[in-house]
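These notes concern the structure reproduced below.
Values quoted throughout were computed directly from the atomic coordinates according to the rules given, and no laboratory measurement underlies them. Predicted, not measured: the structure shown is a model, and the values here were computed from it. Cβ sites come from the backbone with ideal geometry, for glycine too, and all protein chains shown count toward neighbours.
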Amino acid sequence: MTGTSVHPKEKKAASGAPSSPLRRHFRRYWQLYVMMLIPLAYFLLFKYVPLFGNILAFRRFRPGMGPFGTDWVGFAYFERFMQDPAFWRAFRNTLVLSISNIAINFPIPIIFALLLNEVRNGWFRKFVQTVSYMPRFISTVVVIAILGELLSPSSGLINRILVNMFGIDPIYFMNEPAYFRPIYILSETWQFTGWTAIIYLAAITGINRELFEAADIDGATRLQKIRYVTIPSIMSTIMVMLILNVGSLLSLGFEKVLLMYTPSNAMVSDIIDTLVYRTGLVSQNYSYATAIGLFSGVIGVILVSATNWISRKSTGESIY
């Protein structure tokens, strides 16, 4: 008498109730779900739980009497900062600096990625790409320290060139209001152009090569292929990046602005983030600072939604 042997686990599975597809899925991929617990805990603890602190914008905070305030004051803090000239100065400075930064530093990575994609020497292209995105890993504190040394009125390289070659008196660039915005924007260009260009290069790499072959057959030049093939193919990526940039219009690089901030350039360097920092942490007026921060966040949500809607209506591309 012959027969086939059955594994004990198979006998158990055959005799028992069939497991659901969901249970089989979790049994197969449980390691991945365990790994997801860490980022999930991060977002819960540091992104969602702090949202409950926004209640301080409507309640009066008193030290030692609870983290969520004592008395309801409604929109009193909102009415207060609406009548505060310091807030409107910070709001204006934030808008001017953000819009200028987007106008200059949003198209530059796109242009850089398009030019880098046209380089045929693979070794040279990798070298340029590596050199261009390395500044992204330099600490903001180090970047400002480098700027301070280069622009120093006594020993800075820029002032030495101005004095020795052009006979111009030394300029304290980091202290002059007229130079604050150009220095901030150019430092952003140097630090983030190569890093942001990686996103556009990845999008260009994903373009169907047959489109370029068809353009070659039609006799298209390099500029024509960039205009009619490359740019339309990465337009979805460009629009997503634009929406994200507009959404952070009122949230500039707080660390860099704070490190570049001096009493002499305060008229142009005081932005919403530095105002919230001084009001909340320095002056310990937490409820007032929370109201200003909440207002900035609401404006950011409105800007993202509006830009997303405009993008969906005009180009058909959007985040949601």
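Helix hunt in the chain: which complete DSSP H runs extend at least 27 Å axially by C-alpha with mean Kyte-Doolittle at least -0.5?
Helices passing the filter in the chain: 21-43, 85-105, 177-205, 286-314.
Would you work out the charge dipole size for the chain about its Cα centre, treating the Cβ of every Lys and Arg as +1 and the Cβ of every Asp and Glu as -1, and quote it to the nearest 20 debye?
1360 debye
For the residues 279, 237, what sequence is obtained by ranking on other C-beta atoms within 10 Å, fewest first?
Sorted ascending by nearby Cβ count, the order is 237, 279.
Work through the residues other than residue 282 whose Cβ is under 15 Å from its Cβ and net out their charges, Lys, Arg +1 and Asp, Glu -1.
Around residue 282, the surrounding residues sum to -1.
Over the Cα atoms of region 35-113, what radius of gyration and what Dmax do you get, in Å?
Computed over the Cα atoms of region 35-113, radius of gyration and Dmax are 19.5, 55 Å.
Whole Å is fine, so just give me how far the alpha carbon centre of region 97-130 lies from that of region 186-260.
After rounding, the separation between the Cα centres reads 8 Å.
For 320, 172, which order do you get if you count the other beta carbons within 10 Å of each Cβ and list the fewest first?
The fewest-first ordering by Cβ neighbours comes to 320, 172.
Could you tell me the relative contact order of the chain? Use alpha-carbon pairs under 8 Å, at least six residues apart, and round to a whole percent.
That works out to 23 percent.
Quickly rank 304-315, 208-219 as a protection proxy: mean count of other C-beta atoms within 10 Å, highest first.
304-315, 208-219
Can you sort 154, 187 by how many other beta carbons sit within 10 Å, fewest first?
Sorted ascending by nearby Cβ count, the order is 154, 187.
Hey, of (i) -0.85; (ii) -0.57; (iii) -0.46, which did the structure itself give for log10 I(q)/I(0) by the Debye sum over Cα atoms at q = 0.10 Å⁻¹ when calculated?
Matching entry in (i) -0.85; (ii) -0.57; (iii) -0.46: (i).
How high is the relative contact order of region 10-155? Use alpha-carbon pairs under 8 Å, at least six apart in sequence, and give a whole percent.
RCO, region 10-155: 8 percent.
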